[in-house]
Amino acid sequence: MNTLYQPGIFESVPAVARYVLFNLTEEGAHPQAIKDALVRLSPLANGSDVVLGIGPSLAAALGAEVPGLHELADFSGHGVKVPSTPGTLWCWVRGEDLGDLLHLTRKVQKALAPAFDWDTYFTALGAPSAPLYEVTAPEYFRGLNKLIVGEDLANWKLYLRWQLLLGAAPSLGDTWRTTTFQFASALTGQKQQSPAWRRCTQATDRQLGEALGQVYVTQVFPPESKARAQKMVKDIEAAMGRDIDAVTWMQPQTKQQAHLKLAAVLDKIGYPDHWIDYSTFAVTRDSYTTNVKSTGQTAAV
């Protein structure tokens with residue numbers, strides 16, 4: 001930050017904002033690691049768009065003494081304990097546009113957990129562009145970040161090769177499939193493999209699921225049934241929109257954001273509006289493994 005204070009603290013509340021909280025991990029508690037993370041964060045934390053809050057534990061980890069900085073007492077009682085200081089470092093991300101806010105939030109998160117190159121990963125997967133990904137298991141990714149930094153590259157190559165072969169084993173022939181089953185049997189106790197007809201049915205459903213799905217819904221969920229369900233859902237959403245307009249405790253800007261959230265709901269009813277196009281997929285007798293791989297490529301298009 002280029003100023004001795006953070007002007008965002010004194011400015012009016014922005015149109016959109018969110019808090020992003022961070023805690024020190026065991027591997028990140030080293031003073032140099034903390035300093036490196038804060039250096040990466042500093043270009044973003046201008047005190048206006050991103051306002052930083054530093055907890056006592058972070059200051060202590062850096063060996064700094066800040067007069068008056070201390071942990072607030074927890075709110076507790078009746079078997080409930082709520083910490084007053086929710087994170088070691090917290091960022092108040094502020095803005096006027098929700099999309100820009102999400103992009104800025106992702107940059108902050110990336111600056112503080114940089115070991116995994118998510119942009120390259122999502123590009124290689126062919127994943128659609130998204131301003132923000134919801135992380136439901138942050139501890140997993142903190143652990144992953146530690147492994148990426150600390151584990152030997154040769155071990156990573158061995159592990160990923162194992163995962164590739166394990167996933168491909170069912171399509172590599174009887175020897176691979178039998179060996180994989182024996183390994184799984186030692187863990188699960190399953191005595192015998194499923195019969196061939198069931199394995200074939202499951203493989204077809206797994207690899208060409210939407211092709212089978214089209215046949216199924218033709219019989220049990222025709223277009224008129226889907227149309228009735230869609231109308232019911234739209235009527236419910238319209239009622240929710242009227243409820244948003246009618247409430248008196250929301251500010252106009254809050255109502256606008258609520259309508260945006262409602263409009264962003266993707267209604268998935270019965271089956272997709274656009275099926276996967278398998279017209280370019282060709283089954284050959286040359287290689288079952290190649291056929292399986294091709295179905296995945298077709299589904300990703």
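The values are calculated or read from the model by the stated rules, or taken from the named source; none is laboratory data. Predicted model, so just to flag it, every value in this text is computed and none were measured. Don't worry about glycine lacking a Cβ; one is built from the backbone with ideal geometry, like all the others, and counts go over all protein chains shown.
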- What pairs can you find where one residue is in the range 147-169 and in contact (Cβ under 8 Å) with a residue 24 or more places away in the chain, the other is assigned to a helix (DSSP H, G or I), and their Cβ atoms are less than 9 Å apart, with a gap of 6+ or different chains? Ile148/Trp156; Ala168/Trp176; Ala168/Thr289; Ala168/Val292; Ala168/Lys293
- Note on the structure: Those residues of the range 44-58 which are free of Cβ contacts under 8 Å to residues at least 40 places away in the same chain and not in a helix (DSSP H, G or I) amount to Gly53, Ile54, Gly55
- Item | Residues satisfying the stated conditions in the range 213-244, i.e. within 30 Å of Asn291 (Cα to Cα) and under 29 Å from the mean Cα position of the chain (by Cα) | Gly213
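Among the residues of the range 245-263, are any among the charged types (D, E, K, R), part of a loop (DSSP other than H, G, I, E, B) and within 25 Å of the chain's Cα centre (by Cα)? Full working, then the answer.
Within the range 245-263, the first condition is being among the charged types (D, E, K, R), and the residues that meet it are 245, 255, 261.
Subset that is part of a loop (DSSP other than H, G, I, E, B): none.
No, the range 245-263 contains no residue that is among the charged types (D, E, K, R), part of a loop (DSSP other than H, G, I, E, B) and within 25 Å of the chain's Cα centre (by Cα).
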- Message: If His274 meets every condition in (1) at pLDDT 90 or above; (2) loosely packed, with under 13 Cβ neighbours inside 10 Å apart from one, which number is that one?
- Response: (1)
- Query: Name the pairs: first residue in the range 281-296 and surrounded by 14 or more Cβ atoms within 10 Å (Cβ to Cβ), second residue among the polar types (S, T, N, Q) and not in a loop (DSSP other than H, G, I, E, B), Cβ to Cβ under 7 Å, at least 6 apart or on different chains?
  - Reply: Phe281/Ser294; Phe281/Thr295; Phe281/Thr298; Tyr288/Ser171; Thr289/Ser171; Val292/Ser171; Val292/Gln207; Thr295/Gln207
- Note on the structure: Here the qualifying pairs (Cβ atoms under 6 Å; residues six or more apart or on different chains; first in the range 262-278 and at positive phi; second assigned to a loop (DSSP other than H, G, I, E, B)) come out as Gly270/Phe221
- Note on the structure: Exactly one of Met250, Met240 is surrounded by 11 or more Cβ atoms within 10 Å (Cβ to Cβ), at pLDDT below 90 and aliphatic (A, V, I, L, M), and that one is Met250
- Which of (1) of a type in the set (S, T, N, Q); (2) modelled with pLDDT of 75 or more; (3) within 15 Å of the chain's Cα centre (by Cα) does Thr136 not meet, given it meets every other one? (2)
- Query: Are there any helices (runs of 4 or more DSSP H) wholly within the range 153-221 with 2 or more residues that are among the polar types (S, T, N, Q), closer than 19 Å to Arg285 by Cα and out of contact with any Phe, Trp or Tyr (no Cβ under 9 Å at 6 or more places or on another chain), and if so which?
  - Reply: 196-207
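Whether any residue in the range 59-75 is of a type in the set (A, V, I, L, M), at pLDDT 75 or above, in a loop (DSSP other than H, G, I, E, B) and touching a strand residue (DSSP E or B) at 6+ places or on another chain (Cβ under 7 Å) is what I want to check.
Scanning the range 59-75 turns up no residue that is of a type in the set (A, V, I, L, M), at pLDDT 75 or above, in a loop (DSSP other than H, G, I, E, B) and touching a strand residue (DSSP E or B) at 6+ places or on another chain (Cβ under 7 Å).
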